[in-house]
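Engineer: My structure is below; once you've seen it, I'll send some questions.
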Amino acid sequence: MTDDRVDFASMLASRLCHDLLSPVGAFANGLELLADEKDPAMRERCFELLEQSARTSANKLKFFRLAFGSAGGFGELVPADEAKSAIQGIIGDRAIDLNWMIGTDPLPKPAVKIILNLSLLLVDALVRGGRLDVGCEKQGEAIEIALHVEAERIFLDGDVETILKDGEGASEMTSRTAPAVLVQAVAAQNGGTVMLARETSTSLLVGAVLRGRE
């Protein structure tokens with residue numbers, strides 16, 4: 001295995017651990033509080049926090065299984081609702097409206113990986129909320145993917161934007177940029193291309209076209 005592949009796997013693992021640390025840590029803290037708490041009202045509040053932390057952890061694991069892993073239980077096609085549910089899970093209670101413009105037909109795994117990793121990057125960019133539009137359709141032998149965000153401010157990491165526009169080697173690979181590198185790698189593996197366009201300061205379009213596995 002090359003050093004680049006080891007580094008890539010390490011960066012994806014770092015991103016996964018970083019995102020899981022907060023809800024898992026909150027779960028552990030809740031258990032400690034529950035062990036010492038005697039007041040019924042406070043114990044009920046502890047159970048609510050534990051339930052929230054467990055749900056958040058489960059949602060993130062479900063998302064990363066599809067976005068980073070092999071998702072072996074689905075074969076070559078993934079139900080569209082599974083991808084939608086995974087994105088809703090990472091949005092959580094943030095002020096982000098998801099506009100899902102994909103039908104009920106199952107999606108190829110490469111398309112799902114690109115949709116989820118782009119969604120992860122764009123959700124991170126909507127720190128003050130906004131709208132996320134997700135579309136995917138088949139055009140002949142090609143699959144076209146498009147994600148669009150609108151918000152008062154869009155805080156997309158500069159290195160992430162560079163990688164999405166210019167390729168995986170255009171900027172340093174870190175745990176922040178690893179999902180963008182994965183998008184480029186999956187697109188290249190499937191004879192595709194990735195594109196990004198800032199339409200205005202409040203609007204951003206990013207997508208990919210897949211033409212078949214190389």
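Engineer: For the structure I just gave you, tell me whether Lys84 is without any contact (Cβ under 8 Å) to a residue 60 or more places away in the chain and either under 26 Å from Gly158 (Cβ atoms) or among the β-branched types (Val, Ile, Thr) (or both).
Structural biologist: In short, no.
Engineer: Another one. Going by what's in this entry, would Arg94 be described as loosely packed, with under 14 Cβ neighbours inside 10 Å, over 19 Å from Ala187 (Cβ atoms) and over 16 Å from the mean Cα position of the chain (by Cα)?
Structural biologist: Numbers: loosely packed, with under 14 Cβ neighbours inside 10 Å: yes; over 19 Å from Ala187 (Cβ atoms): yes; over 16 Å from the mean Cα position of the chain (by Cα): no.
No.
Engineer: Does region 155-179 hold any residues that are β-branched (Val, Ile, Thr), assigned to a loop (DSSP other than H, G, I, E, B) and surrounded by fewer than 20 Cβ atoms within 10 Å (Cβ to Cβ), and which are they?
Structural biologist: Result: Thr174, single match.
Engineer: Looking at this structure, is Thr200 open to solvent by 30 Å² or more (accessible area, probe 1.4 Å), more than 23 Å from Phe8 (Cβ to Cβ) and β-branched (Val, Ile, Thr)?
Structural biologist: Values: open to solvent by 30 Å² or more (accessible area, probe 1.4 Å): yes; more than 23 Å from Phe8 (Cβ to Cβ): yes; β-branched (Val, Ile, Thr): yes.
The answer is yes for Thr200.
Engineer: Just for region 130-151: of the residues that are part of a loop (DSSP other than H, G, I, E, B) and at pLDDT below 95, which one is least open to solvent (accessible area, probe 1.4 Å)?
Structural biologist: Gly140
Engineer: Here is a follow-up. Return the residue satisfying two criteria in turn: it lies in region 204-214 and is modelled with pLDDT of 95 or more and more than 12 Å from Ile115 (Cβ to Cβ), and of such residues it is least open to solvent (accessible area, probe 1.4 Å). Break it down into steps so the answer makes sense when it comes.
Structural biologist: At the first step, the residues of region 204-214 found to be modelled with pLDDT of 95 or more are 204-206, 208-210.
Those still in the list that are more than 12 Å from Ile115 (Cβ to Cβ) too: 204-205, 209.
Details: Leu204: 1, Leu205: 64, Val209: 26 Å².
Filtering first and then ranking leaves Leu204.
The values are calculated or read from the model by the stated rules, or taken from the named source; none is laboratory data. Predicted, not measured: the structure shown is a model, and the values here were computed from it. Note: ideal-geometry Cβ built from the backbone for every residue, glycine included; neighbour counts use all protein chains shown. Side chains included, ligands, DNA and RNA excluded: accessible areas come from the protein's heavy atoms. Shrake-Rupley method; radii C 1.70, N 1.55, O 1.52, S 1.80 Å.
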